[in-house]
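The values are calculated or read from the model by the stated rules, or taken from the named source; none is laboratory data. Model, not experiment: these values are computed from the prediction. In this analysis, Cβ positions are derived from the backbone assuming ideal geometry, glycine residues included, and neighbour counts consider all displayed protein chains.
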Amino acid sequence: MTTQNPRPTMTLLALASSGAVLLGSFAVGCSSSSSRDRAVQQDMNQAEMQRSRAKAIEYFQQASELHENGEYDKALDKYRESIEQDNTLFAAWNNMGQLLMQQKNYADAVAAYKIASDLQINDPRPDYNIGLAYQTIGWGKESYTHFQRSLDRDPNYLPAIRGAVRSAEMLGVGDQRVLDFIQNGQLRETNDQWREYFDRQRFRVEKLIEENT
């Protein structure tokens, strides 16, 4: 540490002792000040995150009300405002995907669902929704893949079971895994039309498996 001002001459020992004290005091002072600054900044950041989160939840609640009331365009705008405040809200991304699907904006819907899927890695719904989007536009292979991913998260999620079996039919394929989906669906299905559908698909898949063995 240097100074431009002239100072009285000191003995080497005194200079060393004085320098050590001054340097030590300076170091402690800097460290203490730096720690306080970091703590203050962390508190400020935390407070800002809490404010953003609260605002995001407020916008999400408004969006949900608009959604339920059928005001879809306004709801979509509010979901976007919610995400701008906090982009980690799973429900905002998932619900936004639903509205985009209604608008037949499948590309943006899939993008929203993929973010939702990453945010909730155990929830089967986002990948089911992606599968449904792909199935709607006739992409059987891609839809089947995402229905499988949904069922990897929850093997008993009935909408994904239906979707996987339907996509397998679109592709004209059938193996033991598809048969497992069908049998699980038969055990859980209460809708008569879907039960009849599963019965037909079981016959189709069992025949394919028999032909390939």
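Data table
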read-out	value
Checklist (1) outside any helix (DSSP H, G or I); (2) in contact with a Leu (Cβ under 7 Å, 6 or more places away or on another chain) applied to Asn87, failing item	(2)
Tally, over region 30-70, of residues that are exposed (fewer than 10 other Cβ atoms within 10 Å of the Cβ) and at pLDDT below 90	0
Some residue of region 107-130 being out of contact with any Asp or Glu (no Cβ under 9 Å at 6 or more places or on another chain) and more than 30 Å from Arg177 (Cβ to Cβ)	yes
Options Thr136, Thr190; residue that is at pLDDT 95 or above, in contact with a helix residue (DSSP H, G or I) (Cβ under 8 Å, 6 or more places away or on another chain), loosely packed, with under 15 Cβ neighbours inside 10 Å and β-branched (Val, Ile, Thr)	Thr136
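For (1) of a type in the set (Asp, Glu); (2) touching a residue at least 40 places away in the same chain (Cβ under 8 Å); (3) exposed (fewer than 14 other Cβ atoms within 10 Å of the Cβ), each residue gets a yes or a no:
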site	(1), (2), (3)
Glu81	yes, no, no
Met101	no, no, no
Ala109	no, no, no
Arg149	no, no, no
Arg166	no, no, no
Gly172	no, no, yes
Asp175	yes, no, yes
